[in-house]
Amino acid sequence: MKIIVYHALYGCETGCCGHYVEMGDRRKYEFEHPCGDDPRAFAERLVRDVFGEEHVKDLDWENCEVRDD
């Protein structure tokens, strides 16, 4: 099972953006950004908050793409 953390808009009408955290068919939106912090620590914290500490190890850093655009 993959855990995916990615930046996206939250509804066309809001104009707000943040990050989705997905695992299978479970998905949660967070109105947060790393704001210059370490992207790995940011992703790990989101996964911990949404799915629990046990899933932080499921992040595949060797095959990931970290973008700040």
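Read-outs throughout are calculated quantities, based only on the coordinates presented, and are distinct from any laboratory measurement. Bear in mind that the values here come from a model prediction, so they are computed numbers and not experimental data. Note: ideal-geometry Cβ built from the backbone for every residue, glycine included; neighbour counts use all protein chains shown.
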Counting trypsin sites (Lys or Arg not before Pro) as exposed when in a DSSP loop with at most 12 other beta carbons within 10 Å, what is the longest stretch of the chain free of them? 3-66
Using 1/(1 + (r/R0)^6) with R0 = 22 angstrom and r between the beta carbons of ALA41 and LYS2, what's the FRET efficiency to the nearest 0.05? 0.65
Over region 1-52, relative contact order from alpha-carbon pairs under 8 Å, at least 6 apart, %: 29 percent
Assuming R0 = 30 Å, what is the FRET efficiency of ASP58 and HIS33, from their Cβ-Cβ distance, to the nearest 0.05? 0.85
Positive-end extreme of charge dipole, the chain - chosen from HIS33, GLY52, GLY18 (charges on Cβ): GLY52
In sequence order, what are the phi-derived ³J(HN,Hα) couplings for region 34-41 according to the Karplus relation 6.51 cos²θ - 1.76 cosθ + 1.60 with θ = phi - 60°, rounded to whole Hz, with x for glycine and proline? x, 6, x, 6, 4, x, 5, 4
